[in-house]
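Encoded as structure tokens, the structure appears first; notes follow it.
The values are calculated or read from the model by the stated rules, or taken from the named source; none is laboratory data. Fair warning: this is a prediction, and the values are worked out from it, not measured in the lab. We place every Cβ from the backbone using ideal geometry, glycine too, and count neighbours over all the protein chains shown.
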Amino acid sequence: MDMTRVTAECRLPLPAVDVWERVGGFADVGAWHPGVQETTLEDGYRVRRNRLTAGGESVERLLDRDNQRRRYAYELLAGPLPATSIGTLRVDEGPGGDSIVRWAIELPSSSATGSDAGALEADTRRFLQEGLDALVRYVGEGIEST
């Protein structure tokens, strides 16, 4: 299946291990993303249900979590994005002891066409970036957001 990758990242002036401690839990997104009103975990902490600020909810299943590499991957089961969308959140070491948080979502290319596909990508990018902008405020003063 062809996928379209949408990404966002931010840089924080903190060690990656410290940032991961604040954002690496599967339910932590509910604490820092302004678009997520509440997050609950189900099925032995492998499924998260996000009540969205704009209404509705998303349901996501944890696929992989690697604390050593400071990353996790999840798939969307239900919500505003097409099912089978895959997300990854990771915290990498940056230059000079900083950290870089990278969030990506892969959307099935066949889920929308034409202007609908462009709108879906733009909405997804906006959701990711709004989250990372808020994460900068949540974790500490960020030095750069791209």
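Yes/no per residue for (1) assigned to a strand (DSSP E or B); (2) in contact with a helix residue (DSSP H, G or I) (Cβ under 6 Å, 6 or more places away or on another chain); (3) of a type in the set (Gly, Ala, Ser):
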site	(1), (2), (3)
Glu21	no, no, no
Thr40	yes, no, no
Arg65	yes, no, no
Val91	yes, yes, no
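Candidates in segment 79-106 are the residues that are acidic (Asp, Glu) and closer than 18 Å to Arg65 by Cβ; of these, the one that is modelled with the highest pLDDT is Asp92.
Filtered by the rule that a residue be under 14 Å from the mean Cα position of the chain (by Cα) and among the acidic types (Asp, Glu), segment 1-42 gives Glu9, Asp28. With respect to being part of a strand (DSSP E or B) and either over 17 Å from Asp123 (Cα atoms) or touching a residue at least 24 places away in the same chain (Cβ under 8 Å) (or both), Arg69 falls outside the description.
Would you confirm whether any residue within segment 19-26 is more than 16 Å from Gly131 (Cβ to Cβ), of a type in the set (Val, Ile, Thr) and touching a residue at least 12 places away in the same chain (Cβ under 8 Å)? No, segment 19-26 contains no residue that is more than 16 Å from Gly131 (Cβ to Cβ), of a type in the set (Val, Ile, Thr) and touching a residue at least 12 places away in the same chain (Cβ under 8 Å). If you go through segment 107-146 and pick out every residue that is touching a helix residue (DSSP H, G or I) at 6+ places or on another chain (Cβ under 9 Å), at pLDDT 90 or above and either of a type in the set (Lys, Arg) or part of a strand (DSSP E or B) (or both), you end up with 2. None of Leu81, Leu76 is touching a strand residue (DSSP E or B) at 6+ places or on another chain (Cβ under 7 Å), touching a residue at least 40 places away in the same chain (Cβ under 8 Å) and either in a loop (DSSP other than H, G, I, E, B) or under 23 Å from Leu120 (Cβ atoms) (or both) except Leu81. For segment 19-57, a residue qualifies if it is acidic (Asp, Glu) and loosely packed, with under 14 Cβ neighbours inside 10 Å, and the qualifying residues are Glu38, Glu42, Asp43.
The set of residues in segment 43-76 that are over 27 Å from Ala16 (Cβ atoms) and among the basic types (Lys, Arg) comprises Arg49, Arg51.
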